[in-house]
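Worksheet: the structure to be examined is printed underneath.
The values are calculated or read from the model by the stated rules, or taken from the named source; none is laboratory data. For clarity, every value in this text was computed on a predicted model and none was experimentally measured. Heads up, the Cβs are rebuilt from the backbone with ideal geometry, glycines too, and the neighbour counts pull from every protein chain shown. For the accessible areas, the whole protein counts, side chains as well, though only heavy atoms, and no ligand, DNA or RNA atoms are used. Shrake-Rupley method; radii C 1.70, N 1.55, O 1.52, S 1.80 Å.
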Amino acid sequence: MEKRIAIIGGGIVGATAAYYLSTLPGSQNLKVTLFDDGIGQATAAAAGIISPWLSKRRNQRWYRLAKDGADLYPQLIHDAQIGTDVYQQTGTIVTREAQPDLEILHDLAVDRQKAAAGMGQITVLSAQDVQRHVPLLTAPQPGILISGGARVDGAALVHALLASAQNKNLTIRRERVTLTADEAVHTSLGDRRFDRIIVAAGAWLKDLLAPLDVIAQVRPQKGQLIELAVKDYPLQENLPVVMPEGERDFIPFGHGKLIVGATHEDDKGFDLQADAAVTADLLTSAQRLVAGVTADDITAVRVGTRAYTDDFAPFFGPLPDHERLLVASGLGSSGLTTGPQIGRLLAGSALYGGTPDWSEYELPLKTYLTSASRA
């Protein structure tokens with residue numbers, strides 16, 4: 001018997017869910033429809049660093065989710081036959097200017113490595129070593145190289161995952177939809193009913209759940225980054241990502257392309273306009289580490305909207321009191337790391353049902369979702 005599943009939101013969670021719903025056992029009996037208008041999507045604007053192991057977040061649930069998300073990537077990329085221009089384990093370098101801080105960072109790396117084989121090798125680098133690894137840096141700091149770290153192009157990853165699913169059982173509708181009080185999807189062609197609905201619309205989740213008398217505790221955060229044309233190093237195309245102390249992240253993509261960012265702007269709501277002052281700030285950060293770059297080297301500015309919760313933790317799973325729906329939001333700036341694991345879990349739940357226990361990754365959903373009538 002054919003089962004109809006809708007996905008609202010085509011970012012990293014929705015795209016990964018769509019991919020797994022096209023490949024998991026039983027997917028041949030599914031008809032999947034994804035709705036997304038593409039406006040403001042965080043993933044489309046993102047260039048991500050997959051390297052959660054040295055995070056100082058105290059939230060151990062988040063860390064387990066991020067670690068498992070990073071571990072999932074190599075298999076996902078292999079199975080989906082996605083190229084190194086989208087995802088590559090180039091290694092990540094985290095820098096510290098003061099030697100005691102570097103030693104603390106190294107101790108943390110060694111401790112985390114005991115339960116995280118995906119980290120790969122840990123190498124302490126002098127400032128000169130960092131420059132040899134990333135020659136475009138003219139003012140490097142000493143740091144720690146984690147060989148298992150990677151960089152990913154969010155927009156290209158989503159495109160590849162959706163293209164793969166479209167070859168099997170996925171239909172994409174480029175429009176903004178809403179939910180009705182009786183759990184139908186309201187589209188431009190009228191209301192449509194599905195057996196399960198995955199709502200992965202980031203900061204827009206709040207508006208989508210309102211007709212169901214549910215208040216989602218999520219807020220939008222604006223993020224901007226810049227692309228720069230820098231000197232190309234043909235013999236060193238696979239440069240490590242650099243997470244410099246006190247500066248924006250540096251993500252080299254080879255062929256003279258460098259991405260710097262992203263920002264975390266809490267007071268801009270859903271504004272998608274590039275801010276000249278923020279662009280200048282990102283450029284200044286680049287100039288402190290790469291001599292000679294100017295505004296003329298900026299080739300693009302990307303802007304997207306992330307979703308955040310009050311405790312900066314993501315949530316996902318079956319919507320309480322609405323068993324037909326599964327939701328996900330609050331991924332914040334780690335969305336490209338945690339999103340694929342969340343998408344995989346939601347796909348399995350949508351296909352196979354049951355009552356999953358994801359308490360190792362998150363607090364109960366009622367922490368973030370409340371009834372409007374009881375608020």
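Once C-alpha pairs closer than 8 Å and six or more residues apart are averaged by separation and normalised to the residue number of region 105-253, the relative contact order reads 16 percent. By how many degrees, between 0 and 90 and to the nearest 10, does the Cα long axis of helix 154-166 differ from the longest principal axis of the chain? Approximately 40 degrees, to the nearest 10. Each 20 Å bin from zero holds the following percent of Cα-Cα pairs in the chain: 29, 56, 14, 0. In this structure the amide hydrogen of Thr187, modeled in the peptide plane, comes within under 5 Å of the amide hydrogens of Arg192, none closer than 5 places in sequence on its chain.
As a size descriptor, the averaged projected area of the C-alpha convex hull of region 178-295 was calculated at 11.3 nm².
From the helices alone, meaning DSSP H stretches of at least four residues, give me the mean residue ellipticity at 222 nm for the chain, per-run term -39500 (n - 2.57), in deg cm²/dmol to the nearest 500.
Numbers: 9 runs with 104 residues, N = 375.
Calculated at 222 nm, the ellipticity per residue is -8500 deg cm²/dmol.
At 1.4 Å probe radius, can you tell me the per residue accessible area of region 53-157 in Å²? Show your work: numbers first, answer last.
On the way: 4810 Å² over 105 residues.
So region 53-157 comes to 46 Å² accessible per residue, rounded to a whole number.
Every Cα-Cα pair of region 188-242 was included, and the share exceeding 19 Å stands at 60 percent. Could you tell me the relative contact order of the chain? Use alpha-carbon pairs under 8 Å, at least six residues apart, and round to a whole percent. Relative contact order of the chain: 25 percent.
Rounded to the nearest percent, how much of the accessible area of the chain (1.4 Å probe, protein heavy atoms only) is carbon and sulfur?
Numbers: 7970 of 15860 Å².
Accessible surface attributable to carbon and sulfur in the chain totals 50 percent.
For region 266-366, what is the accessible area per residue in Å², given a 1.4 Å probe and the full set of protein chains?
Working: 4330 Å² over 101 residues.
Ligands and nucleic acids excluded, the figure is 43 Å² per residue.
Shape call for region 75-125 from the C-alpha gyration tensor, a ≥ b ≥ c root eigenvalues: rounded (a/c under 1.5), prolate (a/b greater than b/c) or oblate? Since a/c reaches 1.5 but b/c is at least a/b, the shape of region 75-125 is classed as oblate.
Dimensions of region 112-175 from C-alpha coordinates, computed as largest minus smallest value along each principal axis and given longest first, are 51, 33, 18 Å.
Divide the volume of the convex hull of the Cα atoms of region 255-366 by its number of residues and quote the answer in cubic angstrom per residue. Let's see the in-between values first.
On the way: hull volume 18.1 nm³, N = 112.
That works out to 162 Å³ per residue.
With 25 Å as the limit, write out which pairs from Lys56/Lys222; Lys3/Lys168; Lys206/Lys257 have Cα-Cα distances beyond it, or answer none. Please list the in-between numbers first.
Working: Lys56/Lys222 23 Å; Lys3/Lys168 14 Å; Lys206/Lys257 36 Å.
Check vs 25 Å cut-off fails for Lys206/Lys257.
Taking amide H atoms as placed 1.01 Å from N in the peptide plane, the amide H of Lys268 lies under 5 Å from those of Lys222, each 5 or more residues away in sequence or on another chain. Potential lengthening of the chain between Arg192 and Leu108 amounts to 25.2 nm, from the contour at 0.36 nm per residue minus the alpha-carbon distance. Seen against the Cα atoms of the chain and their longest principal axis, helix 99-113 is set at about 40 degrees.
Relative contact order of region 243-351: 16 percent, from C-alpha pairs under 8 Å at least 6 residues apart in sequence. Treating each Cα of region 13-133 as one equal point scatterer and applying the Debye formula with no solvent, the log10 of I(q)/I(0) at q = 0.20 Å⁻¹ comes out as -1.30.
Proximity of backbone amide H atoms, modeled 1.01 Å from N, is registered between Val199 and Ile8, Leu326, Val327, Ala328 at under 5 Å, excluding neighbours fewer than 5 places apart on the same chain.
With a 10 Å radius around each residue's Cβ, average the other Cβ atoms per peptide and rank 185-195, 130-140, 3-13, highest first.
On the way: 185-195: 13.8, 130-140: 18.5, 3-13: 25.7.
Ranking the peptides 185-195, 130-140, 3-13 by packing returns 3-13, 130-140, 185-195.
If you take all other residues with their beta carbon under 11 Å from the beta carbon of Lys3, and give Lys and Arg +1 and Asp and Glu -1, the sum is +1. Helix 276-287: angle to the longest alpha-carbon principal axis of the chain, degrees 0 to 90, nearest 10? Between the helix axis and the principal axis of the chain, the angle is about 40 degrees.
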